[in-house]
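Structure first, then comments.
The values are calculated or read from the model by the stated rules, or taken from the named source; none is laboratory data. As the structure is a computational prediction, the values presented were derived from the model and not from experiment. Reconstructed Cβ throughout: ideal geometry from the backbone, glycine too, with neighbour counts over all protein chains shown.
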Amino acid sequence: MNVVVDWLRRCGCVTGLLLLAIGGTATLVAAQAATPTIEGPVTGGAGHPFIAATTFDLDRVGYMQEEFFISGTATAYTSLAPLSSDGQWALMPSTTAAYKTRIVVYRPKIPRHFNGTVFVEWLNVSGGADSAPDWITGHVQLIRDGYAWVGVSAQIVGVEGGTGVIGTPALGIKHIDPERYGSLVHPGDSFSYDIFSQAGQALLHPSGPSPLGGLPIERVIAIGESQSAFRMVTYINGVDPLARVYDGFLVHSRSARCSDLSEAPQPVISPPRPTLIRSDVRVPVLTLQTESDLAILGYVTDRQPDSERFRLWEVAGTAHADTYTLAVGGTDLGRSPSAADLIVTTNPVVGFFCQLPVNSGQLHFVLNAAIVALNRWVRYDIAPAEAPRLEIMGTAPPVVMRDVHGNALGGIRTPSVDAPIAALSGLGGAGSSFCFLFGSTTPFDVATLETLYPTHAAYVAAVARASQRATRAGFLLQRDARLLRAQAAASSIGR
């Protein structure tokens, strides 16, 4: 059944069919995501898309940027029963509304460099404006392997403005660049899930100009970080069985529970806590979590075992956001030594003043490995490695167990915690706005470094061993391992 359905979807004959168990009876229900109208490439206004992403010219890495408007009628959903913690939801369409939003496309300039996979990111609006944290954090690997990337303005705050997560005013792109975006219309976040489905359809079956310039798309994988990951869980549990648009999901830094399925002025439908990802998920799902996500955002209660189509990766020494995403990634062309450096700063972004140096772990290297592993899983049905869980005691509050140097026990290990020069934590952050999610970095004193690494060669060897273990385990790529070894060799540790 699934093979036939997916073939029908790809050929454009139907978006999907779903067997829903309603009242104990299997009922065949037609389900599809509409194909929106596409306009573009968009010009005018400031002359470029407004998005918080990398800041270098994509031409320098052989990529190009374009923006398109998509529009149509979006559907909100209702539940046939109270939403359950197991994620086994059965949804039905409810109200509809007109919408017009935008997608931003980054793709290889040379068609033969495209590898056939598009990562579609649910743009994050936690800070009150559209941002692309997964592009910032994972763009080096996406560019290395020739992926296309598409960012979707799926939520009302990113388009119309309003109030951000921390209560700060959010202008929205319509107000930031009214000449360019004045025609956009967003009916509210109850419709965001179908808008995200339709964005995927716009890539697969464009009604109008092809957003990818006619590149042959073989796979579309959805990705979202933080608030976008919360929404991704709701999408996977309820909407994906109906829409059947995406071939895989990378859920990055989710919390306990997930986002509301429906919001005012529609009837409010909230998921329970905890909310697991459904065990019968249709396509591969890889969930990538930091210490902050488990201990601060409460994900420890939502942990679930690995299965045929689910993997959970928890990474020691990492925070919800860190110095790479906040300070380094925006300008990293893939050859930056600072990508492997320990960055010690309390002011990673203009306007952020944290009480402690924010986390400088190596989550971005694990994200690179996750991108490769998920694409392989979707393409060849080769599942990623199963990862050990972080060692955590209790749930109220959860306590991350640590070694004598202050680094977490268990979880995915990187050289930053297995050949450490600092205590790296996803906790302890404080200060302005989101600092509580930025964790902390506490460099070791000279005496500790001398004890651990009496010579420079000892430090270089420790990093090499840790890199080799992580690479063999499937959580670090060879290219990143080489960068880490080169950084260690160039350092002053042990000299």
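Tabulated data
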read-out	value
Any chance I70 is touching a Gly at 6+ places or on another chain (Cβ under 6 Å), of a type outside the set (G, A, S) and modelled with pLDDT of 90 or more	no
Residue check for G351: out of contact with any strand residue (DSSP E or B) (no Cβ under 7 Å at 6 or more places or on another chain), under 29 Å from Y246 (Cα atoms), part of a loop (DSSP other than H, G, I, E, B) and modelled with pLDDT under 95	no
Flag for A488 being part of a strand (DSSP E or B) and of a type outside the set (D, E)	no
Options G146, G188, G127; residue that is over 20 Å from P36 (Cα atoms) and touching a Pro at 6+ places or on another chain (Cβ under 8 Å)	G146
Pick from the range 407-436, criterion part of a helix (DSSP H, G or I) and polar (S, T, N, Q), ranking: farthest from L483 (Cα to Cα)	S433
The range 83-99 residues that are closer than 20 Å to C258 by Cα, paired with ones that are surrounded by 17 or more Cβ atoms within 10 Å (Cβ to Cβ) and acidic (D, E) (beta carbon under 9 Å, 6 or more apart)	S85/D302; P93/D194
The range 261-304, subset in a loop (DSSP other than H, G, I, E, B) and among the hydroxyl-bearing types (S, T, Y), residue nearest to S85 (Cα to Cα)	T275
Q155, sole failed condition from (1) buried (at least 23 other Cβ atoms within 10 Å of the Cβ); (2) more than 26 Å from A319 (Cβ to Cβ)	(2)
Residues being under 23 Å from the mean Cα position of the chain (by Cα) and surrounded by fewer than 17 Cβ atoms within 10 Å (Cβ to Cβ) - total across the range 89-106	0
Residues located in the range 327-344, provided they are aliphatic (A, V, I, L, M), surrounded by fewer than 18 Cβ atoms within 10 Å (Cβ to Cβ) and under 17 Å from Q141 (Cβ atoms)	L333
Top-ranked residue in the range 256-281 [being touching a helix residue (DSSP H, G or I) at 6+ places or on another chain (Cβ under 6 Å) and of a type outside the set (A, V, I, L, M, F, W, C); ranked as farthest from L203 (Cα to Cα)]	P274
All strands (runs of 3 or more DSSP E) inside the range 89-196 with 3 or more residues being touching a Lys or Arg at 6+ places or on another chain (Cβ under 9 Å)	117-122, 148-152
Residues of the range 171-188 satisfying the condition of being surrounded by fewer than 23 Cβ atoms within 10 Å (Cβ to Cβ) and over 13 Å from S71 (Cα atoms)	L171, K174, H175, I176, D177, P178, E179, R180, G182, G188
Which listed residue is part of a loop (DSSP other than H, G, I, E, B) and either surrounded by fewer than 19 Cβ atoms within 10 Å (Cβ to Cβ) or not polar (S, T, N, Q) (or both), from V404, V460	V404
The range 288-308 - residue that is in contact (Cβ under 8 Å) with a residue 40 or more places away in the chain and farther than 20 Å from N407 by Cα and, of those, surrounded by the fewest Cβ atoms within 10 Å (Cβ to Cβ)	E308
Test: residue in the range 246-259 that is within 23 Å of P187 (Cα to Cα) and either of a type in the set (D, E) or part of a helix (DSSP H, G or I) (or both)	no
Count - residues of the range 403-425 that are in contact with a strand residue (DSSP E or B) (Cβ under 8 Å, 6 or more places away or on another chain) and under 12 Å from V463 (Cβ atoms)	4
Given (1) of a type outside the set (A, V, I, L, M); (2) assigned to a loop (DSSP other than H, G, I, E, B); (3) surrounded by fewer than 20 Cβ atoms within 10 Å (Cβ to Cβ); (4) under 23 Å from the mean Cα position of the chain (by Cα), index of the condition G317 fails	(3)
In the range 309-355, the residues that are out of contact with any Pro (no Cβ under 7 Å at 6 or more places or on another chain) and either among the charged types (D, E, K, R) or free of Cβ contacts under 8 Å to residues at least 12 places away in the same chain (or both)	E314, D322, D332, R335, S336, S338, D341, N347, V350
Condition broken by Y324, with the remaining ones in (1) out of contact with any His (no Cβ under 7 Å at 6 or more places or on another chain); (2) surrounded by 23 or more Cβ atoms within 10 Å (Cβ to Cβ); (3) not in a loop (DSSP other than H, G, I, E, B) satisfied	(1)
Hey, L28 modelled with pLDDT under 95 and either small (G, A, S) or farther than 30 Å from K109 by Cα (or both) or not	yes
Only one of R485, R465 that is closer than 18 Å to R413 by Cβ, loosely packed, with under 15 Cβ neighbours inside 10 Å and either out of contact with any Leu (no Cβ under 7 Å at 6 or more places or on another chain) or without any contact (Cβ under 8 Å) to a residue 12 or more places away in the chain (or both)	R465
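Residues are listed down the side, and each one gets a yes or a no for (1) exposed (fewer than 14 other Cβ atoms within 10 Å of the Cβ); (2) within 23 Å of G224 (Cα to Cα); (3) without any contact (Cβ under 8 Å) to a residue 40 or more places away in the chain:
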| residue | (1), (2), (3) |
| --- | --- |
| A52 | no, yes, no |
| D57 | yes, no, yes |
| Y63 | no, yes, no |
| T75 | no, yes, no |
| L80 | yes, no, no |
